[in-house]
Amino acid sequence: MIEIKNLHATVDGKEILKGIDLTIRPGEVHAIMGPNGSGKSTLSYVLAGREGYEITKGSVNYFGQDLLALEPEERAAEGLFLAFQYPVEIPGVANTTFLKSAINAMRKRRGESELDAMQFLKHIRAKTKQLGMTDEMLKRAVNVGFSGGEKKRNETLQMAVLEPKFAILDETDSGLDIDALKIVADGVNALRSPERSMLVITHYQRLLDYIVPDYVHVLAHGRIQRSGGKELALELEKNGYKEFGVDEAA
Amino acid sequence: MAASTETADQVRAFTEKEYEYGFTTDIESEVAPKGLNEDIIRFISAKKEEPEWLLEWRLRAFQAWKAMEEPHWPALTYGPIDYQDAHYYAAPKMKAKPKSLDEVDPELLKTYAKLGIPLKEQAILAGVEGTEGQSPAVAVDAVFDSVSVATTYKAKLEEMGIIFCAISEAVHKCPELVRKYLGSVVPYTDNFFATLNSAVFTDGSFVYIPKGVRCPMELSTYFRINQANTGQFERTLIIADEGSYVSYLEGCTAPKRDENQLHAAVVELVALDNATIKYSTVQNWYPGDENGVGGIYNFVTKRGACRGVNSKISWTQVETGSAITWKYPSCILQGDNSVGEFYSVAITNNRQQADTGTKMIHIGRNTRSTIVSKGISAGKAQQTYRGLVKILPKAEGARNHTQCDSLLIGDQCGAHTVPYIESRNRSARIEHEATTAKISEDQLFYCRQRGLAEEDAVSLIVNGFCKEVLKELPMEFAVEAQKLVGISLEGSVG
């Protein structure tokens, strides 16, 4: 279980998160919706441990551990995965090399034996099959020359291979046309399981047509303003974020 | 009188003469006094029992050297070198050696451990007493893991007519070849450091591949007897006769210390008609501490002559060590359709400085050259790529492609690119591409979010950056080199 309590965070002295409270139980999919600048991406970065964010108050209890005390790579090894809004290119490093290094770094940190080339190949083949993907993407350098859709599919593949306990999907729908969105959503849905929690961050409701959440939260002005079921997303789509004091047209 | 007695007499006469000049040394002594003069050169030559012509050649080089000035054009900063305050001949057994691994610098041992080098080999590399003459199998141990295997291969080489021995041995074994080719690519008047080397070189490798023979394995100094004595002024000569092929490995991924600060090696390659030479180097001499104190000064002249038609010389280098690196492995593309290649990774960290690159001299028709240079700078290091592509009037249809990429880590290092292009033939095609990039905070965070520690992330990103060059290395070297890339950059971020 992940319990975020009264979380405050600043960037360059400016307070962005002003007291977030959120509890996510195993198997649940929560969506966070909010306008631009509401603190959505900050929340994902703070949970993943990116530098440059100062936590001024609050706590995050992650399956009994103090998440905020861990380094980013330790959080990853504990099963926290962030699907990036803008996946990063790493020229010259093949996807397979990257994933093998990643999975073995995590296993080593957890005190498990590292996978050898054959075991890894078997593992990764099973995952590409599960997601209905080909091996072609594995041979290419990480995100280099990938289209927007390919980058997001690659994030999904990484999530599948690394088998996280808690996945944060940061604006996975940004930059995708409807077909690409469906493919990525199918991938994410295939990875839903009773042991895996997800936090889906999005500006628009349309992603939630495909990845249907158990709970929807509205984030504005650094706080969760309202929580509800999936129908809340539809309401937001209709009325926008006006009721939360945000005029997006401005 | 037998040649050996004659030589012994000469040596005796010589050593007595030396005494007159105010220093005592006898034939049993393994170290020459400090300083550089004709007598020292005669002493070295006598120690090696060299023929007269070679001594004459050394002395001519010395005369030339005295009139030369140390070059100041490289982008390197270092204090004056006192050439008289050094020993120009010292057998390794005279050097003070650590008695056991306990006496070896723990930092060095840590690095050995990271490279996965077994204890016994660590002792050899660190020069622990009693391990002389033993060969560290680093970089080749994946393939050849015992001395007996090495011996088997040595027999096989001889059977094929391949000569692979110390150059001092070759002087006696095949004097015609040495006399014909020594200095034929890098003349003894070439440059300050090469000329110094010509005067005082102590040893190095000699390789001859006969006509039509494809050397069945990578040759490395590992197979050479007495390889511990590589010395400060190494001289290597490789000749690939018509239609032959050889791949040669120099160096070692494990860091080596040496009390001699100045190193000035010369490597000459000769490829005749349809011959190919592939020369790979991993250089990891001691770079000095974080403040640059105590590192090796490495001034190397490496040049290959593609003399024959369709010949090919390919240089691959991974340079991670030394406080100062001055090195431009070059190709003289004389034969029609000959090919020159230069693949380089140079990593400088802390206060290391490197001024490195290549020269491609196109003389023959349809000659082609490829240059891929990857420079990585971290800490307060400075690095310069300096390359010359020269097309002479008769080089009809010559082509060159140069790609020169720099990667910066942190904000206190520097990367500089100085390409020189001279074309005197209108049909030539020359391309130059250059990029400079930094390891971004985004890349590091992305890798860490996937479970990699920061240093492993840097290693992965840099290895990706160098991939084009690393893939040119023979496989057994490439794996070690990848690890080395990571280790060289430890502590460069965070």
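Between helix A:178-190 and chain A there is an angle of about 70 degrees, using the helix long axis and the longest principal axis of the Cα atoms.
Note on surface exposure: A:Lys152, B:Lys278 rank B:Lys278, A:Lys152 by accessible area, highest first, 1.4 Å probe.
Taking all protein chains together and a 1.4 Å probe, the residues B:Ser168, A:Ser197 rank B:Ser168, A:Ser197 from largest to smallest accessible area. Qualifying chymotrypsin sites (Phe, Trp or Tyr not before Pro) in segment A:5-78, where qualification requires a DSSP coil assignment and no more than 12 other C-beta atoms within 10 Å, are lacking entirely. Length gained on full extension, A:Asp135 to A:Arg110: 6.2 nm, using 0.36 nm per residue less the C-alpha separation. Taking B:Leu407, A:Leu68 and ordering them by how much accessible surface each has at a 1.4 Å probe, largest first, produces A:Leu68, B:Leu407.
The GluC sites (Glu not before Pro) of segment A:190-250 that DSSP puts in a loop, and whose beta carbon has at most 12 other beta carbons within 10 Å, are A:Glu195, A:Glu248.
Site pair B:Asp85 and B:Phe192 shows an inter-label distance of 1.7 nm when each label is modelled 7 Å from Cα along Cα→Cβ. Report the B-A buried area as the accessible area lost on both sides summed, probe 1.4 Å, in Å² to the nearest 100. For chain B against chain A, roughly 2100 Å² becomes buried. Can you give the relative contact order of segment A:2-244 as a percent, counting alpha carbon pairs under 8 Å and 6+ residues apart? Taking the mean separation of contacting Cα pairs over the length of segment A:2-244, I get 29 percent.
Database remark: amide H of B:Cys404 closer than 5 angstrom to the amide H of B:Ser373, B:Glu433, B:Ala434, B:Thr435 (H placed geometrically; neighbours at sequence offset of 5 or more, or on other chains; Pro and chain starts carry no H). Projected label points at A:Asp186 and A:His221, each 7 Å from Cα along the beta carbon direction, are separated by 4.3 nanometres. Legend: residue pairs B:Lys312/B:Lys359; A:Lys5/A:Lys165; B:Lys374/B:Lys438; A:Lys129/A:Lys182; B:Lys211/B:Lys359; B:Lys302/B:Lys380, Cα-Cα distance threshold 22 Å; pairs beyond threshold, B:Lys211/B:Lys359; B:Lys302/B:Lys380.
Shielding by partners for peptide B:460-471, expressed as the average number of C-beta atoms from other protein chains within 10 Å of each residue's C-beta, is 4. Using the average count of surrounding beta-carbon atoms within 10 Å as a protection proxy, the listed peptides B:456-465, B:426-435, A:78-87, A:172-181 rank, highest first, as B:456-465, A:78-87, A:172-181, B:426-435. Share of pairwise Cα-Cα distances greater than 27 Å in chain A is 36 percent (whole percent).
Considering only A:Met133, A:Tyr86, A:Pro164, the residue lying farthest towards the positive end of the dipole of segment A:2-244 is A:Met133, judged by Cα position with unit charges set on Cβ.
Net charge dipole, segment B:285-428: roughly 720 debye, given to the nearest 20, about the Cα centre with Cβ charges of +1 for Lys and Arg and -1 for Asp and Glu. A simple spin-label model places pseudo-atoms 7 Å from Cα toward Cβ; at B:Thr77 and A:Lys165 they are separated by 5.2 nm.
Candidates A:Gly58, A:Val212, A:Ala102 compared by Cα position along the dipole of segment A:2-244: farthest toward the positive end lies A:Ala102, with charges placed on Cβ.
When segment A:2-244 is described by a simple charge dipole with +1 on each Lys and Arg Cβ and -1 on each Asp and Glu Cβ, the residue from A:Leu176, A:Leu191, A:Gly34 located farthest towards its positive end is A:Leu191. With Cα atoms defining each centre, segment A:1-48 and segment A:197-211 are spaced 15 Å apart in the structure.
When +1 charges are put on Lys and Arg Cβ atoms and -1 charges on Asp and Glu Cβ atoms, the dipole computed for segment B:391-494 relative to its Cα centre reaches about 540 debye. Take each residue of peptide A:89-101, count the partner chain Cβ atoms within 10 Å of its Cβ, and average: the result is 5. Dipole check for chain A: with +1 at the C-beta of Lys and Arg, -1 at the C-beta of Asp and Glu, and the Cα centre as origin, the magnitude is about 480 Debye. So the label point goes 7 Å from the Cα of A:Glu243 along Cα→C-beta, right? Which residues of segment A:30-61 then have their backbone N under 16 Å from it? So the set is A:33-35. Within the straight-line cut-off of under 16 Å between alpha carbons, the lysines reachable from A:Lys14 are A:Lys40, A:Lys57, sequence neighbours fewer than 8 places apart in one chain being disregarded.
The values are calculated or read from the model by the stated rules, or taken from the named source; none is laboratory data. As the structure is a prediction and not an experimental result, all values here were calculated from the model. Every residue, glycine as well, gets a Cβ built from its backbone with ideal geometry; the counts of neighbours run over all protein chains shown. When the accessible area is computed, the model is the full protein with side chains, heavy atoms only, and any ligands, DNA or RNA have been set aside. Shrake-Rupley method; radii C 1.70, N 1.55, O 1.52, S 1.80 Å.
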